[in-house]
Amino acid sequence: MPKRSNRFQQLIRIIEEQAAPSGAIVRESALIADRSGITREIDVYVEIPVGVRSVVLAIECRDHARRADVNWIDQVVGKYRDLVVDQLTIVASAGFTPNAILKARALGIRTLTLGQAEVREWLDLSKVPVSVRVDKIGFLTDQITLTVNTNSNAGRLPTGWDYATFKAPGDSAWITLTDLKLRLLGISDVQKAAGEENGVKPDIPVLVGVAFEGWLLKDGDGIEYPLKSAELRIVRREANITLPMTQATYGDAHISYTTGSLSGVGFTASSVITKATANSPTFRIHLEPEA
């Protein structure tokens with residue numbers, strides 16, 4: 001499957017997850033249908049329940065060495081002309097040209113970047129993490145076997161696996177195979193099956209089965225199938241390393257973050273501190289197998 005993400009986009013998604021209010025849904029590389037029914041990919045999709053409806057936020061990320069210019073603004077505007085979202089935010093790792101900021105503001109588009117950390121009167125520096133020690137990297141899978149219920153489609157076999165997407169019961173968005181693997185690896189029973197308590201040694205592969213209930217698979221032809229089960233080949237990786245964390249400003253928040261890889265596992269450690277959470281900042285380590 002084509003790689004739809006990058007380390008910068010993953011970092012923005014993790015920050016948004018930490019900053020989002022309780023009950024919000026945050027997805028990376030979300031596949032959403034536009035007004036014409038064509039599926040488009042949103043870098044980071046945020047859905048916040050507000051009363052009887054949900055507010056939908058879309059975030060587009062750009063990780064280039066040069067500042068984002070008006071041409072990129074035009075590309076983003078063209079993409080979102082037929083997508084229904086309440087607020088569009090664009091994030092550029094190198095910032096924006098003055099004309100790009102002017103045009104984005106005129107169109108109601110919010111511009112953000114991971115800028116140089118600013119001194120804030122409400123920020124308690126003693127609560128700002130300056131380094132992180134990763135003692136246990138966690139779990140990764142390099143193989144997954146899926147079983148579908150073909151009886152629902154008269155014995156028709158799925159096609160176009162490279163473009164298959166998946167949807168959990170109750171979710172509105174379809175996710176990629178990579179996202180499915182990560183979600184399965186996050187299940188506690190799956191981790192226990194590959195864990196030390198079951199006698200599984202680090203770096204030794206183990207097969208773990210997962211049963212699905214209410215999940216759907218959509219193949220390359222757009223045909224949907226109920227998912228029955230999956231078998232993952234999981235490897236547990238353990239190590240320890242201490243890394244300094246970069247301090248930055250993201251909108252109204254103070255961000256501490258670092259990214260890297262160890263034993264074939266990519267990781268992002270991040271802390272998000274806002275004025276509202278100054279006394280109880282969040283901290284998270286995100287793990288992902290490297291392609």
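Overview of values
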quantity	calculated
Among GLY199, ALA173, SER229 the positive-end extreme of the charge dipole of the stretch 138-237 (Cβ point charges)	GLY199
Global geometry of the stretch 27-144, whether rounded, prolate or oblate, following the gyration tensor of its Cα atoms and the 1.5 cut on a/c	oblate
HN-Hα J in Hz across the stretch 267-283 - Karplus 6.51, -1.76, 1.60, θ = phi - 60°, x for Gly and Pro	9, 10, 10, 8, 10, 10, 10, 10, 4, 6, 10, 4, 8, 8, x, 8, 9
Pairwise Cα inverse-distance average, inverted: Kirkwood Rh of the stretch 71-130 (Å)	13.8 Å
Reported label for calculated Cα Rg over 2.2 N^0.38 Å given (i) 1.26; (ii) 1.08; (iii) 1.01	(ii)
Three-way shape label, the stretch 183-288, alpha-carbon gyration tensor, a/c 1.5	oblate
Calculated [θ] (222 nm, deg cm²/dmol) that DSSP helices of n ≥ 4 give over the chain, each run adding -39,500 (n - 2.57)	-4500 deg cm²/dmol
Global geometry of the stretch 138-237, whether rounded, prolate or oblate, following the gyration tensor of its Cα atoms and the 1.5 cut on a/c	prolate
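Here, each number is a calculation from the coordinates, and none is a lab measurement. Fair warning: this is a prediction, and the values are worked out from it, not measured in the lab. So basically every Cβ, Gly included, is an ideal-geometry build from the backbone, and we count neighbours across all protein chains shown.
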